[in-house]
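Structure first, then comments.
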Amino acid sequence: MILTAEHASRFAQLTLGHLGREYPNKLDHVLEGPDGAETPSALHPVFYGSFDWHSCVHGWWQVMRLLRLFPDMPEAPAIRARADVMLVPEKIAGEIAYLARPLSQGFERPYGWGWLLALHHELSLHDHPDWAEALSPLAESFAQRFEHYLPKLTYPIRHGVHSNSAFALVLAHEWAQERHADLAALIESRLLDWFGKDRAAQAWEPSGDEFLSPTLTEALAMSRVLPPAAFTEWFDAFLPEIAEGRPEILLTPAFVSDRTDGKIAHLDGLNLSRAWCWRQIAAALPAGHGVRARGEEIARRHLDAALPHIAGDYMGEHWLATYALLALGPTR
């Protein structure tokens, strides 16, 4: 399970093919009046491609991470050239203006918020400071939204789609740890409040259109905010029989019956995100733990079920390569 140059080139080719593809497009847009119906690129000067806003954001995260990891890949010049044109202050200002609309307070909450912070974090790791600097005001806007939203979110959103709380906070926490101590502490507090006493997860999943495992995404989030020994104790109580293979559903890749159906195609993403979770969780557990020994094998099973299908139909092709990169990327 190693990310290769061949993977990088294939993923980048797929994503460059839709970062600037405006249609078809699924807007998250509330009309304020008869004059509010505008084209995606008019509403979103940067993130108008890839079928929807959040897919465009994490498509950018994907190609920029690949650029950093494989700076000499054939697609690198095209990625740099596009970033130089798109990741500029005047275009980002248009995205900020959209957020300022009175009816945009819930825009892309929390999934797109988390991915935007992940993109900004990735850009900050590059030798080209202009990209991260241009995106910084938008990242700060979403950080402020997290600060306002999290204290009033009494209950976490657990189902495995875009509104999942744990997934967004995994992304946001990595961003906040290095630049926003108050937000990092708030995220840690909310995750512990929501999930700290969870025991014996039943893992009633997957639902028919989930691309995240509610059970494993929660465990991954807890691995990011608990010290290793405390996480091991929590995990063993959360999934007390997992080393014996129960619940079996968490070890079994989901079946995808129709990859032209955008919702059912989410299940390919579930298999990829589960592979990511299993690798990350196993790496957080101590040597000799039963799950640590099996994590890579379980992840491989899920990856093998999904990786051949990241291209072929636009319903999956516009986003699955991001999750393949998560699944194949390094463990922390």
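The values are calculated or read from the model by the stated rules, or taken from the named source; none is laboratory data. Computed from a prediction, not measured in an experiment: that's the story for all the values here. All Cβ positions, even for glycine, are placed from backbone atoms using ideal geometry, and neighbour counts span all protein chains on display. Just the protein is used for accessible areas: all its heavy atoms, side chains included, with ligands, DNA and RNA removed. Shrake-Rupley method; radii C 1.70, N 1.55, O 1.52, S 1.80 Å.
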Open item on the list: Among P74, P129, P40, which one shows the highest mean-square fluctuation when the chain is modelled as a Gaussian network with alpha-carbon springs under 10 Å?
Closed with: P129
- [ ] Counting other Cβ atoms within 10 Å, keep those with at most 12, restrict to DSSP loop, and tell me which trypsin sites (Lys or Arg not before Pro) in the range 142-202 are left.
- [x] K197, R199
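Calculate, for the chain, the solvent-accessible area per residue in square angstrom, rolling a 1.4 angstrom probe over the heavy atoms of the protein chains. Present the calculation step by step, with values, prior to reporting the outcome.
On the way: 13610 Å² over 332 residues.
Each residue of the chain exposes 41 Å² on average to a 1.4 Å probe.
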- [ ] For the range 1-108, build the convex hull from the C-alpha positions and give me its volume per residue in Å³.
- [x] 108 Å³
Open item on the list: To make sure I understand the rule: partners must be lysines, Cα under 28 Å from the Cα of K91, and not fewer than 8 residues away in the same chain. Which ones qualify?
Closed with: K26
Task: Whole-number D in µm² s⁻¹ for the range 108-187, Kirkwood Cα-pair radius fed into Stokes-Einstein, 10 °C, 1.306 mPa s - done: 125 µm²/s
Task: Simple label model, 7 Å out from Cα along Cβ direction - L103 to E133, nm - done: 3.8 nm
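Can you give the helix-only mean residue ellipticity at 222 nm for the chain, where every DSSP H stretch with n ≥ 4 adds -39500 (n - 2.57) and the sum goes over all residues, rounded to the nearest 500 deg cm²/dmol?
Computed mean residue ellipticity for the chain: -18500 deg cm²/dmol.
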- [ ] From the C-alpha gyration tensor of the range 222-332, pull out the three semi-axes of the equivalent ellipsoid (sqrt of 5λ each), sorted largest to smallest, in whole Å.
- [x] 28, 14, 11
Task: Zero-based 5 Å bins, Cα pair distances in the range 220-273, whole percents - done: 4, 17, 17, 16, 17, 13, 9, 5, 1
Task: Size of electric dipole in the range 215-332: Cβ of Lys, Arg +1 and of Asp, Glu -1, about Cα centre, debye, nearest 20 - done: 300 debye
Task: Distance cut-off 35 Å, percentage of C-alpha pairs in the chain lying past it - done: 18 percent
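How much of the accessible area of the range 265-332, in percent, comes from carbon and sulfur atoms when a 1.4 Å probe is used?
54 percent
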Open item on the list: Can you compute the FRET efficiency between L251 and D193 using 1/(1 + (r/R0)^6), with r the Cβ-Cβ distance and R0 = 25 Å? Round to the nearest 0.05.
Closed with: 0.30
TODO: Work out, step by step, the length gained on full extension between E22 and A78: first 0.36 nm times the residue separation, then minus their alpha carbon distance; give nm to one decimal.
DONE: 18.3 nm
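Could you look at the range 1-160 and say what percent of its accessible area is carbon and sulfur, using a 1.4 Å probe and all protein chains?
On the way: 3930 of 7020 Å².
That share works out to 56 percent.
Charges at C-beta only: +1 for Lys and Arg, -1 for Asp and Glu. How large is the resulting dipole of the chain about its Cα centre, in Debye rounded to 20?
On the way: 28 positive and 42 negative charges, 102 e Å.
Computed charge dipole of the chain: roughly 500 debye.
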